[in-house]
Amino acid sequence: MRFTRPTHLTDPTRATRPTRRVRTAGLGTATALLSLLACVPAASAADTASPHDKNKNHEVITLTGRLAEQSRFPVHPGGAAAQGDRTIFRSILFDKDGNQVGETGGICTTTRVDNDGAEACNVTYSLPGGQITVQGMVFGHLVPGPPPAFDNAITGGTGKYDRARGSIHAETTAPGERRFTITLEP
């Protein structure tokens, strides 16, 4: 069997590709799928309980983080904030009694500079017995004043946090200080 190249690729007078017929059955299936997917958020929205109300069987760890080091690597040094700017940081973690219990280290990359900015972050929390890895977006980081509160997903861990899932809520409590509420799923 011999391969022949389609004429729209070899004939310079035919610059366009041949047209394809759209199958109406395929469109109907796609429309039905979109309709089904559109209903899912409506069903989920009916559940009005806050995420914190559902955490009765979850392990909750509350820590205070104090910024120890931070370096910024802008795309345009001395210029305006830009997509791709990076911030690398390390914080020391303390329990409710003020005892040092670990540290965090992470990197955030600016993904948007309009609408107060957004950045994608990857952070590791090193605690007694293992580490917890976290990933997520932080919105509004370019607004003057204290950094905004945010929630990120726990994506895994090591040691006693192996296969960890859950979330971390962070809120600024003082300059250079944040309260982290770590909610681990059972």
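A few comments on the model shown:
- From the options Arg178, Arg90, Arg163, residue that is of a type in the set (Lys, Arg), open to solvent by 70 Å² or more (accessible area, probe 1.4 Å) and part of a strand (DSSP E or B): Arg90
- The residues listed here are Thr173, Thr155; of these, the one that is under 17 Å from His58 (Cα atoms), in a strand (DSSP E or B) and either touching a residue at least 60 places away in the same chain (Cβ under 8 Å) or open to solvent by 50 Å² or more (accessible area, probe 1.4 Å) (or both) is Thr155.
- Selection status of Thr104, among the polar types (S, T, N, Q), assigned to a strand (DSSP E or B) and surrounded by fewer than 18 Cβ atoms within 10 Å (Cβ to Cβ): no
The values are calculated or read from the model by the stated rules, or taken from the named source; none is laboratory data. No experiment lies behind these values; they were computed from the predicted model shown. A quick note on method: Cβ atoms are made from the backbone with ideal geometry, for glycine too, and the neighbour counts reach across all protein chains shown. Side chains are part of the model used for accessible areas, which takes the heavy atoms of the whole protein and leaves out ligands, DNA and RNA. Shrake-Rupley method; radii C 1.70, N 1.55, O 1.52, S 1.80 Å.
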